[in-house]
Structures are given as structure tokens and as C-alpha cells.
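Visitor: Okay, here's the structure, questions in a sec.
The values are calculated or read from the model by the stated rules, or taken from the named source; none is laboratory data. Note that this is a predicted model, so its numbers are computed, not measured. So basically every Cβ, Gly included, is an ideal-geometry build from the backbone, and we count neighbours across all protein chains shown. Ligands, DNA and RNA are excluded from the accessible area calculation, which covers all protein heavy atoms including side chains. Shrake-Rupley method; radii C 1.70, N 1.55, O 1.52, S 1.80 Å.
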Amino acid sequence: MEIADVTIVKCSRRLSMFGTKEAALFKRIMIVCVGNICRSPTAEHLLRVALAPSDIVVSSAGLGALKNKPIEATARSILEEHGHVLSDHSGRQLNSALINESDLILVMEKNHIDGVLSIAPEARGKVFLLGKWQDNREIPDPYRQGKPAFVHAYALIDAAVNAWAQRIKR
């Protein structure tokens, strides 16, 4: 059992001791990539769907966000091909306030962990790879690549989101 598993189990037991049958360990989850127009909005949507119905707030931001830009057209079309209807998205920059209000921060690449911690060092311990449960798999950026790169990123994101959702819903 890994450290994160132990933390989740310990916190879940503490919550159950207070008689809250469905108490959520994480109330606010932030998903981070670079531009906040491809991977993180895709993961945000998929995780929100996977956790529904839930009071958990799932959002996303970028380390170098393309502020106020919509989700990239290919990323949107792949979500739609899989039956998802995406609400409006507007790229936003990650900042210390967003980090501090998040209970769990999921990133796409190992260097994103360092990027988050450079903004808010106190976030250590709540920042993990989205692909943590797939042997710490990184999810490559499909931006400005062809549709196959987006399809590959979607498949990795979908698997990683489902693994997190199973653990969060326990």
C-alpha cells in the first residue's frame, strides 16, 4: 500500500467515525496542465461525470494558461465522439488561491508537480499525477498535433480518471 492509499484510508476511517456515511474526503479537486485548453478540461469533464452525483467541485487551470480560450476544437470533438456534452470552458491561469482552496491537485506530467509547488510550496502532499494509479504515467500534451495524439491523450485521461474516481468514491 502506498502513502496516498494509507492517507485516503486513514482519512476515510476518521470520517466514518463521525457517522458521515457519504462524507467526501475531497471537496475541491483541481486538474492542471499547461494551457488549460486540451488535457485538463477533458479530465475535468470526465472526472465530474465519473463522480456524479456528488458535491465534489472539479475544476481546472493551467500553469501557462491560454486565458479565456475555449477548449481546443479537436479535444472537444473527441469528447463529443464519446457521447459527452461539454459546457463552456474558458482557460484560466493557476494561482496560489486556486491551489490553496483545492484538496487534491492532479497534474499531467511530473514537471507540473514542480510547477504547482513553485507557486505554492505548502501544497506538497496534495499534488499527484493524474496517471498515478497507472504506474505514475504521464499524459503527453497533444496540442498542435494531429487527431491521433488527442485520441491517445483521451484514452490515457479516461483510464486515469476512472482509477481516481474509484478511489475517491470509496
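Visitor: List the pairs from K132/K169; K27/K110; K126/K169; K27/K169; K110/K132 whose alpha-carbon separation is above 21 Å, in the order I gave them.
Guide: Details: K132/K169 16 Å; K27/K110 24 Å; K126/K169 17 Å; K27/K169 12 Å; K110/K132 10 Å.
Checking Cα-Cα distances, K27/K110 exceed 21 Å.
Visitor: Right, here's the next one. Rank these by accessible area, largest first, 1.4 Å probe: T74, T42.
Guide: Numbers: T74 35, T42 5 Å².
The ordering from most to least exposed comes out as T74, T42.
Visitor: Could you pull out every residue, at least 5 positions away or on a different chain, whose amide H is within less than 5 Å of the one on V57? Hs are placed 1.01 Å off N in the peptide plane, and Pro or chain starts have none.
Guide: For V57, the qualifying residues are R28, I29.
Visitor: Using Cα pairs closer than 8 Å and at least 6 residues apart in sequence, work out the relative contact order for the range 101-170, in percent.
Guide: Working: 65 pairs, mean separation 19.2, N = 70.
Computed over the range 101-170, the figure is 27 percent.
Visitor: I'd like to know which of I78, P140, W164 lies farthest towards the positive end of the charge dipole of the chain, counting +1 on Cβ of Lys and Arg and -1 on Cβ of Asp and Glu.
Guide: W164
Visitor: Out of the DSSP beta bridges found with both residues in the chain, what percent are antiparallel (nearest 5)? Show your work: numbers first, answer last.
Guide: On the way: 1 of 15 bridges.
About 5 percent, rounded to the nearest 5.
Visitor: Dipole size in debye (nearest 20) for the chain around its Cα centre, Lys and Arg Cβ +1, Asp and Glu Cβ -1? Let's see the in-between values first.
Guide: Working: 22 positive and 18 negative charges, 73 e Å.
Dipole magnitude for the chain comes out near 360 debye.
Visitor: Moving on. Quick one: net charge of V49's neighbours, Cβ under 14 Å, K/R +1, D/E -1? Walk me through the intermediate numbers first.
Guide: Values: positive: R48, K169; negative: E44, E80, D158.
Local charge sum for V49: -1.
Visitor: Something else about it: At 1.4 Å probe size, with no ligands or nucleic acids counted, give the accessible surface of R167 in Å², nearest ten.
Guide: Result for R167: roughly 50 Å² accessible.
Visitor: What whole-number value in Å² describes the accessible area per residue of the chain for a 1.4 Å probe? Let's see the in-between values first.
Guide: Details: 8930 Å² over 170 residues.
Here the residues of the chain average 53 Å² of exposed surface.
Visitor: Next up: Taking only C-alpha pairs under 8 Å that are 6+ residues apart, what is the relative contact order of the chain in percent? Intermediate values should be presented prior to the final figure.
Guide: On the way: 280 pairs, mean separation 40.6, N = 170.
Rounded, it is 24 percent for the chain.
Visitor: Hey, another quick one. Could you work out the relative contact order of the range 60-159? I mean the mean sequence separation of Cα pairs under 8 Å and 6+ apart, divided by the number of residues, in percent.
Guide: On the way: 115 pairs, mean separation 23.9, N = 100.
Relative contact order, the range 60-159: 24 percent.
Visitor: Using a 1.4 Å probe, how large is the accessible area of V85, given in Å² and rounded to the nearest 10?
Guide: Per-residue accessible area (V85): approximately 130 Å².
Visitor: Run the numbers for K110 and K169: contour at 0.36 nm per residue of separation, minus the present Cα-Cα distance, in nm.
Guide: Result: 18.7 nm gained on full extension.
Visitor: Answer with a single label: of [x] 49, 35, 29; [y] 58, 33, 31; [z] 118, 19, 18, which was calculated as Cα extents along the principal axes in Å from the structure in view?
Guide: Correct label is [x].
Visitor: Which percent of the accessible heavy-atom area of the chain goes to carbon and sulfur, probe 1.4 angstrom?
Guide: Ligands and nucleic acids excluded, carbon and sulfur reach 52 percent.
Visitor: Per-residue ellipticity at 222 nm for the chain, helices alone: DSSP H runs ≥ 4 residues times -39500 (n - 2.57), over residue total, nearest 500 deg cm²/dmol? Don't skip to the end; give the middle numbers.
Guide: Details: 6 runs with 75 residues, N = 170.
For the chain, the value works out to -14000 deg cm²/dmol.
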